[in-house]
Amino acid sequence: MDEKKGLKDAYALKTPEDSINLYKTWASTYDDDFAKQNDYRSPIEIAKFFAKYSNPEDTPILDVGAGTGLIGECLNLDSKEIDAIDISPEMLNIARLKNCYSKIIEADLTKTLLINDHHYGAIVSAGTFTHGHVGPDVFDELLRVTRSGGLFVFTVHYQLFNKAGFDKKLIEIQKMITKPAFHEVYVYGNNPDKEHGSDKVIITVFRKR
Ligand SMILES: C[S@@+](CC[C@H](N)C(=O)[O-])C[C@H]1O[C@@H](n2cnc3c(N)ncnc32)[C@H](O)[C@@H]1O
């Protein structure tokens with residue numbers, strides 16, 4: 001790799017092809033150089049809120065934009081089936097090595113997914129609904145592949161919640177979901193980046209009706 005990849009590269013993405021290219025070179029150092037060094041907290045926060053809101057019926061679980069599988073590691077559930085979906089084969093290769101996913105699905109979330117209707121009992125996601133990555137329209141497909149009663153627990157970047165239209169999307173789909181709960185959390189415990197080191201996400205939780 002020619003230079004260290006990081007937040008600035010991630011936030012400059014514009015298209016799914018940009019994601020494929022960036023994460024191809026970032027995958028091998030993502031866990032150590034990005035997640036560990038900056039104390040990247042979103043996956044553990046998702047696991048915490050999943051534990052708070054879930055019940056044993058919320059299975060199988062789909063980790064949306066699973067990347068290197070940090071949520072799978074944090075959830076650390078023996079009895080539940082968790083699948084990983086991501087556009088980057090290199091990120092998914094790292095996730096596969098962690099042996100916490102039942103299935104690894106390489107797919108572009110902005111396209112129709114090759115997943116049956118009502119298949120999943122829960123959707124979890126960290127760091128995917130953020131600058132230059134995936135927008136609110138993905139929820140049409142995510143709702144389709146989730147069964148009635150299925151739980152959603154995901155981060156949305158604080159600065160994008162209204163700007164990228166997640167607020168409007170939740171209103172558009174309000175008849176299909178329970179009233180969302182919102183939790184603001186800091187993304188990093190230790191990130192010296194001046195512009196983004198104190199970034200927050202909104203952990204959004206609801207169930208499909
Ligand atoms: C910041 S990483 C987060 C990974 C992991 N969830 C975590 O918290 O460490 C964002 C992930 O979204 C994936 N991604 C970006 N655009 C995508 C798309 N259109 N379809 C599927 N995955 C996408 C990237 O490949 C990357 O693995």
Among the residues that make up segment 136-152, is at least one of them buried (at least 18 other Cβ atoms within 10 Å of the Cβ), within 13 Å of the ligand (Cβ to nearest atom), among the polar types (S, T, N, Q) and part of a strand (DSSP E or B)? no
From the option list 115, 123, single residue qualifying as surrounded by 16 or more Cβ atoms within 10 Å (Cβ to Cβ), more than 25 Å from residue 157 (Cα to Cα) and hydrophobic (A, V, I, L, M, F, W, C) is 115
Right, residue 156: in contact (Cβ under 8 Å) with a residue 40 or more places away in the chain, under 28 Å from residue 195 (Cα atoms) and in a strand (DSSP E or B) or not? yes
Do you know which of the residues in segment 176-206 that are open to solvent by 50 Å² or more (accessible area, probe 1.4 Å) and touching a Leu at 6+ places or on another chain (Cβ under 9 Å) is modelled with the highest pLDDT? 176
Name the residues in segment 81-99 that are touching a residue at least 40 places away in the same chain (Cβ under 8 Å), surrounded by fewer than 19 Cβ atoms within 10 Å (Cβ to Cβ) and either of a type in the set (Ser, Thr, Tyr) or closer than 19 Å to residue 123 by Cα (or both), would you? none
Those helices (runs of 4 or more DSSP H) completely within segment 1-104 that have 3 or more residues that are of a type in the set (A, V, I, L, M, F, W, C) are 16-29, 42-53, 70-75, 89-97
Could you please tell me which pairs satisfy a Cβ distance under 9 Å, a separation of 6+ or placement on different chains, a first residue in segment 181-206 that is at negative phi and in a strand (DSSP E or B), and a second residue that is of a type in the set (Asp, Glu) and surrounded by fewer than 19 Cβ atoms within 10 Å (Cβ to Cβ)? 188/39; 200/184; 201/184; 202/184; 203/184
Looking at this structure, is residue 20 open to solvent by 50 Å² or more (accessible area, probe 1.4 Å) and within 8 Å of the ligand (Cβ to nearest atom)? yes
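The values are calculated or read from the model by the stated rules, or taken from the named source; none is laboratory data. Since this is a predicted model, take the numbers as computed values, not measurements. With ideal geometry, Cβ positions are generated from the backbone for all residues, glycine too; neighbour counts draw on all protein chains shown. Just so you know, the surface numbers come from the protein's heavy atoms only, side chains and all, with ligands and any DNA or RNA stripped out. Shrake-Rupley method; radii C 1.70, N 1.55, O 1.52, S 1.80 Å.
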